[in-house]
Amino acid sequence: MRFTRIQAYVFLVSLFAALAASMLVFFDIGLPERGLLAIGCMVGWGLIAQLLAHSVGAESVESIASMPYLAGAFLVANWELLAAILVAESVVAMVRHRGLTKAVFNIAQTVLGFALAICVYRLLGGTPLLEGGPFHPIAFTAGIVVAFATNTLAVSGAVAISETRPLGSVWRAATRGSLFYNFLAAPLPYFFAQLFIAKGIFGALLLAVPLLAVRQIFRTAWRLEQATQDLLQLMVKAIEARDPYTSGHSRRVEGYSQVIGRAAGLSGAEIERLGKAALLHDVGKIHEMYAPILRKPDKLTPEEWDVMRTHPEKSAELVSAVSHLRAIVPAVRHHHENWDGSGYPARLRGSDIPLFSRIIAIADTIDAMTTDRPYRTARTLEQVRAELTRMAGRQFDPDLCAALLNGPFFAKLAILIEAKNGAVAAPGSVVTSVLRSA
């Protein structure tokens, strides 16, 4: 029987989880007094937190179970906690009726994260807090970081394999909305542990208040992030509903821009902002003045072109109305500027044009060239390459064109274009030859 890639990945995560847990069994230090009670209380709260986890998409949930689990890890720092977590996560898997592969993965990555966290905590001098020893802040911090990193990287790895996406971009997307809140919540496991040490079972019962408060904070943060994404998609769908040609155009320009951004060496955060600017670059066309022009099947008259040339300003006005998008307003406003100063609306030249605008200009043109129009057919990839080369230094930033055309990124762009057009690369085609050279 052959494993799929995701099944092989789940097997490896499970293997590492077993090895990490075995290390703790081998170096068993015994349970401190009240250890079983601490495990029962903390894992019990973790189980409740898992069952109350809120959905963050069709296939994902977000839980705060890690906080009581971590508190238990610092209280006892032993393998018995892992056994209890394994039982609790198995109950969660049965309640949620997950498939076997998904259930095994979730249990394994959870056990792996806390096993490694306990190992690191003990290696750096941390001792079970129930023993009454000194607090080791470095060991405590390292344990939390390891647990968080293991969980997010393991889950991001599964998504990256399933969706054939870069691990880095998946991880950034997964942690973007919660990283700050996780940082603020980092001291809570220590607080939970000390509450249990001081008050016992009564202290464990008191954990309900901060746990529910933290759950609500995380849920609100996710809803705000989701509302932002929904707003962006709504704005794009509104303009695309006016013009059959623009259906999917903004999303394609977003994808092409991010490829070019990677070719230019932009950071992950910059690529994320670039993607938003590219997604919204044409949103100003929602204004009624553009409707008859967008629906026109023939070439535009000079007067109609004059009207269309106002859309970058209209787009910028709309984007600027959303406070957290104001940083990308210049990129939206100037995406039709040309390198030689012949563009619009401000006739900016060279490096005076915002970098994001220069990237979007290339991506926008690529999508226009590779899309069938009523008055012409789509250009081939070879013709696109030739046009970018010809217009470098005139319409486009020559350095960006060189970075795109002379490295491996044109191959990635070619794959996106072929996917859009529903084509399969034949032997000797542009896509095939470019991929070989990369």
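For this structure, a couple of remarks:
- The chain: relative contact order as a whole-number percent, Cα under 8 Å and 6+ apart: 10
- The range 5-227: relative contact order in percent, alpha carbon pairs under 8 Å with at least 6 residues between: 23
- Dipole moment magnitude, nearest 20 debye, the chain about Cα centre, only Lys, Arg, Asp, Glu C-beta charged: 420
- Span-like helix ranges in the chain, DSSP H, alpha carbon extent 27 angstrom or more, Kyte mean at least 0.5: 5-26, 100-123, 137-163
- Gain on full extension, evaluated as 0.36 nm per residue between VAL322 and ILE29 minus their Cα-Cα distance, stands at 99.9 nm.
- In plain terms, the C-alpha convex hull of the range 99-210 casts an average shadow of 8.7 nm² when viewed from every direction.
- Matching the structure-derived semi-axes √(5λ) of the Cα gyration tensor in Å against the labelled list (1) 31, 28, 24; (2) 52, 24, 19; (3) 39, 27, 20 gives the label (2).
- Summary: within the chain, the longest segment free of GluC sites (Glu not before Pro) located in DSSP loops with at most 12 other C-beta atoms within 10 Å is 60-438.
- Projecting the Cα atoms of ALA149, PHE202, VAL384 onto the charge dipole of the chain, computed from C-beta unit charges around the Cα centre, puts VAL384 farthest toward the positive end.
- Kirkwood Rh, angstrom, the range 241-437 [1 / mean 1/r, Cα pairs]: 17.2
- Cβ crowding within 10 Å ranks CYS401, CYS119 as CYS119, CYS401, fewest other Cβ atoms first.
- Of LYS276/LYS314; LYS237/LYS276; LYS276/LYS299; LYS299/LYS412, pairs whose Cα-Cα distance is over 23 Å: LYS276/LYS299; LYS299/LYS412
- Summed over qualifying helices (DSSP H, 4 residues or more, each -39500 (n - 2.57)) and divided by its residue number, the chain shows a 222 nm mean residue ellipticity of -21500 deg cm²/dmol.
Laboratory data are not the source of any read-out in this text; all were calculated from the coordinates shown. Because the structure is a prediction, the values reported are computed rather than measured. Please note: Cβ atoms are built from the backbone with ideal geometry, for glycine as well, and neighbour counts cover all protein chains shown.
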